[in-house]
Amino acid sequence: MNDMRITERAVDLSETKISARNVQVFYGDTHAIKDVSVDIADKTVTAFIGPSGCGKSTFLRCINRMNDTIDTARVTGDILIDGEDIYDRRVDPVQLRAKVGMVFQKPNPFPKSIYDNVAYGPRIHGLARNKVELDEIVERSLRRGAIWDEVKDRLDAPGTGLSGGQQQRLCIARAVATEPEILLMDEPCSALDPIATAQVEELIDELRRNYSVVIVTHSMQQAARVSQKTAFFHLGHLVEYGETGQIFTTPRDPRTESYITGRIG
Amino acid sequence: MSDIAASPPAAGEGRKTSLLRETDRVRKRNAAERRFELYGMAAVGIGLLALAFLLLSILGNGLSSFRQTFVDVPVALDPVAIEEAEASVVKTSRYRDIIEGAFVSALEARGLLEGIDPEEAAGIISEEAPAQFRDYVRANPEAVGRPGEFTFLVNGRIDGFFKGRVTFESAELDGNVTPAQLRLAERLAGAGLIDTRFNWAFFTAPDASGQRPEAAGLGVAILGSAYMMLVVLFLALPIGVAASIYLEEFAPRNRFTDIIEVNISNLAAVPSIVFGILGLAIFINFAGLPQSAPIVGGLVLTLMTLPTIIIATRSALKAVPPSIRDAALGVGASKLQSVFHHVLPLAAPGILTGTILGLAQALGETAPLLLIGMVAFVGEYPDAPPEGLFDPATALPVQVYNWTQKADPAFVERASGAIIVLLAFLVVMNAIAILLRRRFERRW
Ligand SMILES: Nc1ncnc2c1ncn2[C@@H]1O[C@H](COP(=O)(O)OP(=O)(O)OP(=O)(O)O)[C@@H](O)[C@H]1O
Ligand SMILES: [Mg+2]
């Protein structure tokens, strides 16, 4: 409980990074997100929890407009990043996604070398002027992904040849390589063993210094361990949102309480 | 634990069975399985038998076309006679006189001319020989005035005699060859003047007229087919891949794209002759392109191959897992970048395989080419592309069709030979497709 108070203080200092207002998402006729409004702070880890199918991934994908790639998906309402509406007609989703990185539930490295996996983003965004800079970015990103020591001798090996946990950390390294301001992680540890999970959690805590991190998780312990803020989704509604400590100790909504005590889910 | 072990005998008393004996149901199932296996083996057997029969009959008929019979004739290149021949109206007939004269005197000198009149003896040399000879003289003017040793084709019937197609009995009834000629040929072979060797000209020479099957070759047909494949490759591959990428990655899913999709599948099933009619109407009658030209054949085959390539490309694109696209979009790649940097390279082996199979299909296609006039007799090589695409040419399958239409059995042999060449191309292409698929097969 002690460190919980420390993070609480950190939260008070940071300002709003993402602000969602009355967001609704429809998949055809399915109403997946119902009138969600939420303010997500900068330099904070925010956890989305909730039973399967409640719309956590859907809402997460709204933040970098990955839902655009689904034909049937329709998003209404406003999502502001730094006060700018990302669904404005003038916003190019490609530019947005460079700013809002994403780590997917299933590790999905490119079937290319480890080096190319990480270097791809910086290359297409022109972040490196020469090979030396690119090498630096790759090394820095792999270090941040807590995988550098394991792969530094085989950067030319295919990324798909790594173990599941290594692949996921490679994907994290790939996501941070483009220097995003926000990092969205959809159940990043679901394929990982406890040791790799601990490494990734450590990494998430580390990333908080520079990024606003939003993480979807099914593990209550993980949410409690890594996040400062927690949002509980249920059947498309944002039921409760607040300090992680408060959500887990004194939930205001009975649904939250039953979920975290294991009665619904 | 102990009570569980104790209870089964009591409960299962009535249906206690030995594992060593099949029950009725199992026996029936196994019998059905064996029957099915037999059906399957019979089906495969019939297929293999048909294939073996086809290959045997084609190889049996056609392999001999890769060898050809030649006769050696010493000809003195008399400058006066040659000048006279060049000056005359029907030049080849004068050249023929020169060759025949030389041949007859060579036979006389060796005492091989008994029992046959000189005219008849000279008949064993191919009609093609004067043209061969003239071409040589024109190409090598410095040789004029010196004696030379020449190798000429023999008449198709004599060639057939050495390949077992023509016998003394059949020669009795044949207007084009006499038993005396066959006997002479035998004597010449004994003297080492006639022999059978590998027939390069079969692959390089143009087609020849009905009287000269021995000179007919596949050169123009192979060139024409190659030109058409070039056209198909350069048009169908980019168009097909672009259309597939658009349909698979960019197009919205709506009624309109559904209609397009259904119609592409329909197009793949349209009989090829319909494409020929289309080609005749559009490319020749409307656009005014020349008949018999590889460009028109290529365009028609492109239309025909497009659906195949589109279907293959789309399934190759579909096989690329969506997570790869998500990954690319997730790091901020545009849709185009995600397609060209990630999806397309992964789909490339599938696309290439489909393309090669489409090309192979196009290579063997005959019907549409008949309609656009590629069935005409073409005695001259087309130029090099791109101009050559507009010159008349034939194609391998049409050449087969053409030769099987002729009365002379020598042409049937050549048609089988052409089928072997065609099959060899197809086998090579399919083998490449399979190799590509094996080589680049990927698992995610
Ligand atoms: N591509 C899609 N097309 C149609 N409906 C979808 C699609 N993706 C999600 N849905 C629906 O939207 C709702 C929310 O799904 P979502 O994937 O956001 O759930 P989730 O909270 O992430 O669940 P999980 O914890 O199992 O990942 C579900 O009812 C789901 O059926
Ligand atoms: Mg999810």
Inset, instruction - Just need a number here: residues in segment A:177-197 that are farther than 18 Å from A:F59 by Cβ, among the hydrophobic types (A, V, I, L, M, F, W, C) and either more than 10 Å from every other protein chain (Cβ to nearest Cβ) or surrounded by fewer than 24 Cβ atoms within 10 Å (Cβ to Cβ) (or both). - result: 5
Legend entry - Candidate set from segment B:395-419 (those that are assigned to a loop (DSSP other than H, G, I, E, B) and of a type outside the set (A, V, I, L, M)); member that is nearest to B:S64 (Cα to Cα): B:D408
Inset, instruction - Scan A:L142, A:L203, A:L155 and give me the residue that is more than 22 Å from A:V100 (Cβ to Cβ) and free of Cβ contacts under 8 Å to residues at least 60 places away in the same chain. - result: A:L155
Inset, instruction - Hey, can you tell me all the residues within segment A:25-64 that are away from ligand 1 (no atom under 11 Å from the Cβ) and under 19 Å from B:S323 (Cα atoms)? - result: A:I63, A:N64
Legend entry - Residues (within 15 Å of ligand 2 (Cβ to nearest atom) and surrounded by 23 or more Cβ atoms within 10 Å (Cβ to Cβ)) located in segment A:218-231: A:A223, A:A231
Inset, instruction - Select from segment A:132-176 the residues that are crowded, with 24+ Cβ neighbours inside 10 Å and among the charged types (D, E, K, R) and list them in ascending order. - result: A:R169, A:R174
Inset, instruction - Considering each residue of segment B:328-346, count those that are facing chain A (nearest Cβ under 7 Å), assigned to a helix (DSSP H, G or I) and of a type outside the set (A, V, I, L, M), and give that number. - result: 3
Inset, instruction - Identify the single condition in (1) farther than 30 Å from A:G165 by Cβ; (2) more than 16 Å from ligand 1 (Cβ to nearest atom) that A:Q228 does not satisfy, given that it satisfies every other one. - result: (1)
Inset, instruction - Answer yes if at least one residue in segment B:308-327 is within 16 Å of B:M229 (Cα to Cα) and either touching a helix residue (DSSP H, G or I) at 6+ places or on another chain (Cβ under 9 Å) or not in a helix (DSSP H, G or I) (or both), and no otherwise. - result: yes
Inset, instruction - Take B:R197 and decide whether it is surrounded by 18 or more Cβ atoms within 10 Å (Cβ to Cβ) and in contact (Cβ under 8 Å) with a residue 40 or more places away in the chain. - result: no
Inset, instruction - Being more than 14 Å from chain A (Cβ to nearest Cβ) and aliphatic (A, V, I, L, M) is the filter; apply it to segment B:307-327 and report the residue that is farthest from the chain's Cα centre (by Cα). - result: B:L317
Legend entry - Any chance A:I247 is away from ligand 1 (no atom under 16 Å from the Cβ) and either surrounded by fewer than 16 Cβ atoms within 10 Å (Cβ to Cβ) or without any contact (Cβ under 8 Å) to a residue 24 or more places away in the chain (or both): yes
Legend entry - Exclusive hit being free of Cβ contacts under 8 Å to residues at least 12 places away in the same chain and of a type in the set (A, V, I, L, M), set B:A102, B:A121, B:A129, B:A139: B:A139
Inset, instruction - Report those strands (runs of 3 or more DSSP E) wholly inside segment A:20-123 carrying at least 1 residues which are more than 16 Å from ligand 2 (Cβ to nearest atom) and within 14 Å of chain B (Cβ to nearest Cβ). - result: A:73-81, A:100-103
Inset, instruction - For residues that are among the small types (G, A, S) and touching a helix residue (DSSP H, G or I) at 6+ places or on another chain (Cβ under 9 Å), tally how many sit in segment A:240-256. - result: 1
Inset, instruction - Tell me, please, whether a residue that is without any contact (Cβ under 8 Å) to a residue 40 or more places away in the chain and more than 22 Å from A:D116 (Cα to Cα) can be found in segment B:300-313. - result: yes
Legend entry - Residue satisfying condition, being over 21 Å from A:I114 (Cβ atoms), at pLDDT 90 or above and more than 16 Å from ligand 2 (Cβ to nearest atom), within set A:V213, A:V151: A:V213
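Results for (1) closer than 20 Å to B:P74 by Cβ; (2) modelled with pLDDT of 85 or more; (3) in contact with a Gly (Cβ under 8 Å, 6 or more places away or on another chain), shown as yes or no for each residue.
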| position | (1), (2), (3) |
| --- | --- |
| B:D135 | yes, no, no |
| B:G148 | yes, no, no |
| B:V154 | yes, yes, no |
| B:F161 | no, yes, no |
| B:G164 | no, no, no |
| B:A171 | no, no, no |
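The values are calculated or read from the model by the stated rules, or taken from the named source; none is laboratory data. The shown structure was predicted, so the numbers you read here are calculated from the model rather than taken from an experiment. Neighbour counts are summed over all protein chains in view; Cβ atoms, including those assigned to glycine, are modelled from backbone coordinates with ideal geometry.
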